Amino acid sequence: MAQARKTKELDHYLKAVINKIPNQIDRFIDGEQPQMTYYTGNWATDILNNYTEKQAEKIFKKMSKYMNNKDLMFVQRKNKNIEIGTWSEYGENPPETISSYDYIIIRRR
């Protein structure tokens with residue numbers, strides 16, 4: 001009997017984007033911008049779907065350090081839903097709605 005894999009199939013583009021976020025936030029903290037969108041998508045879902053449980057915990061722990069910074073405020077803004085069609089080369093499919101959020105960091109004054 002085959003053993004279950006301990007890793008997940010990873011969207012390599014998404015991994016590159018997520019892995020750069022701590023550096024982006026560090027640059028934001030050191031800079032002068034009043035706000036910055038650091039991620040667009042579904043943050044927790046994207047991490048949980050593309051990283052192992054242990055990797056996801058590390059990412060969330062690292063982000064919690066930023067979120068505990070009293071000089072920063074984290075907000076999210078829902079984007080307009082994207083409706084994708086019902087036809088593909090494999091035949092008719094039910095329509096699908098894709099939702100996402102902008103994750104924004106704001107410097108408190």
- [ ] Look at the stretch 56-75 and say how many of its residues are surrounded by fewer than 16 Cβ atoms within 10 Å (Cβ to Cβ) and without any contact (Cβ under 8 Å) to a residue 24 or more places away in the chain.
- [x] 8
Open item on the list: Six or more apart or on different chains, Cβ atoms under 9 Å: show the pairs whose first residue is in the stretch 88-109 and free of Cβ contacts under 8 Å to residues at least 60 places away in the same chain and β-branched (Val, Ile, Thr) and whose second is part of a strand (DSSP E or B) and surrounded by 10 or more Cβ atoms within 10 Å (Cβ to Cβ).
Closed with: 97/82; 97/83; 97/84; 98/82; 98/83; 98/84
Task: Lone unmet requirement of (1) surrounded by fewer than 16 Cβ atoms within 10 Å (Cβ to Cβ); (2) over 27 Å from residue 108 (Cα atoms) for residue 46 - done: (1)
Open item on the list: Given the condition part of a helix (DSSP H, G or I) and in contact with a helix residue (DSSP H, G or I) (Cβ under 6 Å, 6 or more places away or on another chain), answer yes or no: does some residue in the stretch 29-42 qualify?
Closed with: no
TODO: Determine which member of the set 20, 70, 62 is at pLDDT 95 or above, in contact with a Pro (Cβ under 7 Å, 6 or more places away or on another chain) and within 19 Å of residue 106 (Cα to Cα).
DONE: 62
Task: Extreme residue, modelled with the lowest pLDDT, among residues of the stretch 80-105 that are part of a strand (DSSP E or B) and hydroxyl-bearing (Ser, Thr, Tyr) - done: 88
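The values are calculated or read from the model by the stated rules, or taken from the named source; none is laboratory data. All values derive from a computational prediction rather than experimental measurement. Cβ atoms come from the backbone with ideal geometry, glycine included; neighbour counts cover every protein chain shown.
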